[in-house]
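The structure that follows is given in the form of structure tokens.
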Amino acid sequence: MKAQIYDPYYKNKKPLKKIIMPRPEDVNPQAFTVIDVLYNHDDFAISYGVWNETGDSCLAMRWNNADDGNGYPKVFAHPQWFIISNDIARNILTGILNNPIVTNLEYSRILTALTIL
């Protein structure tokens, strides 16, 4: 299932057709496989997965909103994930644990990812 974005007042106040945004769990480029989406709020997502070229576990992030429905980053209109160094990933995940909008399920998933990275 894909989220739908529609802003009737965007670009010259002319109605736009609905843009279908991919769900973070559906963004699986060839080089990265999503194992779990750890955080998904306000059009921003963080996932844990495997970098397929090396088999290493890693953290990735992306923005899920864009004019063309593919979010950012993307390559030739194909949604991608931005891979984060494991040294920095631990700090990002630890910081997110303090965010009051993190659900109990996300909190548990983040703690699990911290033990693996």
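Out of the residues in the range 44-61 meeting the condition of being touching a Leu at 6+ places or on another chain (Cβ under 7 Å) and of a type in the set (Ser, Thr, Tyr), tell me which one is surrounded by the fewest Cβ atoms within 10 Å (Cβ to Cβ).
Checked the range 44-61; the qualifying residue surrounded by the fewest Cβ atoms within 10 Å (Cβ to Cβ) is SER57.
Return the residues of the range 61-82 that are at pLDDT 85 or above and in contact with a helix residue (DSSP H, G or I) (Cβ under 9 Å, 6 or more places away or on another chain); say none if nothing qualifies.
Within the range 61-82, MET61, ARG62, TRP81 meet the criteria.
Going by the conditions given, is ARG90 charged (D, E, K, R), over 25 Å from GLN30 (Cβ atoms) and either at pLDDT 95 or above or not in a strand (DSSP E or B) (or both)?
yes
The values are calculated or read from the model by the stated rules, or taken from the named source; none is laboratory data. Only a predicted model underlies this, so the values are computations on that prediction, with no experimental measurement involved. Cβ coordinates were reconstructed from backbone atoms using ideal geometry, including for glycine residues, and neighbour counts include every protein chain displayed.
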